[in-house]
Amino acid sequence: MSVSKRKKQDILPDEIKANLYDKIELIVDFHGITWLEVEKVQEKIKGILSPDIYGRCEEEFKEQELRDYKERHPISEASLRRYKNTETVIRYYSKDETEIVTISKLFLGITLNYEVAHKLQENISLITKIVKIFAEEEYFEIEDVYLIKRDSIYCQSLYRLYQCYEKEMFADASYLLQKSMKGIVSGSTSICNRLKYQDYDISIVKSVVKGYTSSDEEIYEGKMDTIVSYEVIGEEINIKETLMELNNISYKIFMSHITNNFANELLLGKTNKVKNGVNLNE
């Protein structure tokens, strides 16, 4: 007896048994903190990030994370170089290095690499605890809160890919034109949507890229980066509630971009449409 399919808009996040995450980032940008204060709070932070679970090291800023920061907050190239050449960050790595906590005088961040499963709610609670420690410093002020989800799947054909993603959402002209114009050969497509939802800023970057496997078989990668953020303007906010709302918005956007059939397959935790990229939730 076949199981009746549910409408994707009725599927709750906690019911989903699989995800397409490649990486998730939680970021809190702030000002009013010196490096001395970053060092001062480390003893309290060690109480949260146990040495039994996390390894600690002091490193330079990575070029990409400074470029990303410049995207979020316009700063000069000279300031960028100064941060790269003279400033450092403290990072805490999980034993398998799939969870990275970054602490700097500019931002706090948690990066989750989905080579293994993670519990996002636990990491939202974790960054909330770290923010509360910094909030005890007199001049600490939050500027923005970000949740970035990077989804990626690999399929053996565009037909299979668009059995997963809603093709209209990707605006793939080559795929849509194939039915009316013989001889069209699909290459790649890329689209960026920027929008506002209530008090939240949203950026959705989507792409489809054709490639080949090691055995010379065609493969198509469908990527979707969803960036949801909240700008804090002279107010006190509840970081945990804010991140939970960013997550709710991100989930709704994701569900709007996948087909109803694929949503039901993620609900069950299994699909035959995807060659690589579907991860079982913990």
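What follows is calculated from the coordinates using simple rules that are stated; it is not laboratory data. What you see is a predicted model, and the numbers here were worked out from it, not measured in a lab. Cβ sites come from the backbone with ideal geometry, for glycine too, and all protein chains shown count toward neighbours.
Details
- In sequence order, calculated HN-Hα J values of region 258-269 (Karplus, 6.51, -1.76, 1.60; Hz; x Gly/Pro): 10, 6, 5, 4, 5, 4, 5, 6, 5, 4, 7, x
- Gaussian network model of the chain, Cα within-10 Å springs - most flexible of ASN272, ASN123, ASN261: ASN272
- Label zone of GLU231 (point 7 Å out along Cα→Cβ, amide N under 11 Å): in region 128-151 this covers 144.
- Between LYS44 and ASN272, the C-beta separation translates, for a Förster distance of 35 Å, into a calculated FRET efficiency of about 0.10.
- With contacts taken as Cα pairs under 8 Å at a separation of at least 6 residues, the chain carries a relative contact order of 28 percent.
- Rounded to the nearest Hz, the phi-derived 3J(HN,Hα) couplings of region 136-153 under the Karplus curve 6.51 cos²θ - 1.76 cosθ + 1.60 (θ = phi - 60°) are 6, 6, 4, 9, 5, 9, 6, 9, 8, 10, 10, 10, 10, 10, 10, 9, 7, 9, where x marks glycine and proline.
- Under Karplus coefficients 6.51, -1.76 and 1.60, residue-wise ³J(HN,Hα) of region 18-26 in Hz, glycine/proline x: 8, 9, 10, 5, 9, 7, 10, 10, 10
- Among LYS182, LYS84, LYS223, the residue with the largest mean-square fluctuation in a Gaussian network model of the chain, with springs joining Cα atoms closer than 10 Å, is LYS182.
- When you restrict to C-alpha pairs under 8 Å that are six or more residues apart and normalise by the size of region 24-147, the relative contact order lands at 44 percent.
- Taking HIS31, HIS257, HIS118 in turn, the Gaussian network model of the chain (Cα-Cα springs below 10 Å) assigns the largest fluctuation to HIS31.
- Once divided by 2.2 N^0.38 Å, the Cα radius of gyration of region 24-147 becomes 1.02.
- Cα-based helix-to-principal-axis angle, 63-72 vs the chain, degrees rounded to 10: 90 degrees
- Bins of 5 Å, starting at 0 and running to the largest distance - Cα pair percent for the chain: 1, 5, 11, 14, 16, 15, 13, 10, 7, 4, 2, 1, 0, 0
- Ranked LYS273, LYS44, criterion: other C-beta atoms within 10 Å, fewest first: LYS44, LYS273
- 14 Å cut-off, amide nitrogen to a point 7 angstrom out along ASP96 Cα→Cβ, residues in region 111-152: 112-120
- Zone of GLU122's modelled label, taken as backbone nitrogen in region 82-108 under 14 Å from a point 7 Å along Cα→Cβ: 94-100
- Extension gain from ASP10 to HIS31, taking 0.36 nm per residue of separation minus the Cα-Cα distance: 3.5 nm
- Each residue, ARG194 and GLU58, gets one label point 7 Å from its Cα in the Cβ direction; the gap between the two is 3.8 nm.
- Only Lys, Arg, Asp and Glu carry charge here, each on its Cβ (+1 for the first two, -1 for the last two); on that basis the chain has a dipole of about 1360 debye about its Cα centre.
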